[in-house]
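The values are calculated or read from the model by the stated rules, or taken from the named source; none is laboratory data. If you're wondering where the values come from, they're calculated on a predicted model, not measured in any experiment. Backbone-built Cβ (ideal geometry, glycine too); neighbour counts: all protein chains shown.
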Amino acid sequence: MAKVTMADVAKYAGVSKSTVSQYINKRYEYMGEDTRKKIKGAIEELGYHPNYIARSLKQKKTSMIGIIVADIVHRFSTEICRSIEDYCFEHDYQAIICNADNNPTKEKTYIETLRAKQVDGLIIFPTGQNIDVYAKMIEEDYPVVFMDREIPEIDAPFILSTNVESSFQAVKLFLENGHTNIAILTQPLTISTRKERIEGYKKALQTFSIDICNDYIISSEIANVKTELSQLFQKENPPTAILAGNDLVFLETLAFLQENQLRVPEDVSLIVFDNFPFAHLSNPPMTMIAQPAFEMGRKATEILLKQINKDHYEAEKIIYPCELIVRQSSIKKL
């Protein structure tokens, strides 16, 4: 059977090819409801599939964007990607998701590949180690929004959260519950978010005149978290409270505590900095610092589409507040 063309649809519906083209591109301003129904019926009856490659060449855009995620395993990243995809679907865009594994080489490859495939713009959770690549996109006026991680050298839209203040509030909560031996665990300090969370931790201790003990500050690969905790808990004054820097660190910490018969919060109080699902259903319910992932994802996509459509936007840093949700895991039982 011969391939159905736009001309076939026009003939079947009794309209011009240009009218069918307007319908496909959703330009309905001067199109009556009856005409729209005729074209819709013709497309369905004939089984017509628009040639989107030809359409993109004519319009000079593909209606596709790329999302380069640092690590898709994180719940926070997953929620943001879902939000971006939802917003894209509402605005007739499609999203391609790539996982960079926090690897700058992989990130650079994805940026080059997606641009070669003519995606209209990118949302990137940056490794921070491809400054020249980021700068080139900005110089070329290529639409891009950076998510979650700040890069001071780059003048572009950034969507961030209050890492320093939120970490400060978590440590303050521990102090209010009688803790002074407070540890913080993060992955290696290669990105701004991890550095900022440790900055907030230190700022809280200094504010309340508590000595900073470097033994209580651990930045480790996930595979080594339990080993680091084992060494820490063998010291003369082990921590009585732990701030887990993200969900993956939290899971390793929780596994260590259970394996060593350490109870939460009776032996060790615990707070997780991340969007941890079912935290309210755990035993005990977990105190967490929740980031507004869905709002952040929508805002990033909104700004990106403004860039793509040449609408006015500000190359600013938009910082979203986090929420400290207090539950039983951070309450010290005396």
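Listing for the model above:
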quantity	calculated
Count of residues meeting criterion [surrounded by 20 or more Cβ atoms within 10 Å (Cβ to Cβ), in contact with a Cys (Cβ under 7 Å, 6 or more places away or on another chain) and more than 13 Å from residue 245 (Cα to Cα)] in segment 143-185	1
Sole exception among (1) on the phi > 0 side of the Ramachandran plot; (2) in contact (Cβ under 8 Å) with a residue 24 or more places away in the chain for residue 172, by number	(1)
Any hit, segment 72-95, residues being within 13 Å of the chain's Cα centre (by Cα), surrounded by fewer than 18 Cβ atoms within 10 Å (Cβ to Cβ) and closer than 30 Å to residue 240 by Cβ	yes
Residue that is modelled with the highest pLDDT, among those in segment 1-59 that are part of a helix (DSSP H, G or I) and among the polar types (S, T, N, Q)	35
Members of segment 77-114 found to be farther than 27 Å from residue 132 by Cα and not in a helix (DSSP H, G or I), listed by number	91, 92, 93, 94
Residue identified as at pLDDT below 95, within 30 Å of residue 237 (Cα to Cα) and in contact with a Ser or Thr (Cβ under 9 Å, 6 or more places away or on another chain) among 186, 190	190
Within segment 277-301, tally of residues that are under 18 Å from residue 245 (Cα atoms) and either free of Cβ contacts under 8 Å to residues at least 60 places away in the same chain or surrounded by 18 or more Cβ atoms within 10 Å (Cβ to Cβ) (or both)	11
Sole residue being in contact with a Lys or Arg (Cβ under 7 Å, 6 or more places away or on another chain) and not aromatic (Phe, Trp, Tyr), chosen from 220, 166, 192, 209	192
Members of segment 138-179 found to be more than 16 Å from the chain's Cα centre (by Cα) and of a type in the set (Asp, Glu), listed by number	139, 140, 141, 153, 155, 165, 176
Test: residue in segment 256-270 that is at pLDDT 95 or above, closer than 17 Å to residue 324 by Cα and hydroxyl-bearing (Ser, Thr, Tyr)	yes
From the options 305, 324, residue that is closer than 24 Å to residue 155 by Cα, among the hydrophobic types (A, V, I, L, M, F, W, C) and in contact (Cβ under 8 Å) with a residue 24 or more places away in the chain	305
Condition check for residue 274: more than 22 Å from the chain's Cα centre (by Cα) and modelled with pLDDT under 95	no
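Yes/no matrix, rows are residues, columns are (1) in contact (Cβ under 8 Å) with a residue 40 or more places away in the chain; (2) touching a His at 6+ places or on another chain (Cβ under 7 Å); (3) in a helix (DSSP H, G or I):
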| site | (1), (2), (3) |
| --- | --- |
| 225 | yes, no, yes |
| 231 | no, no, yes |
| 239 | yes, no, no |
| 242 | yes, no, no |
| 249 | yes, no, yes |
| 255 | no, no, yes |
| 271 | yes, no, no |
| 275 | yes, no, no |
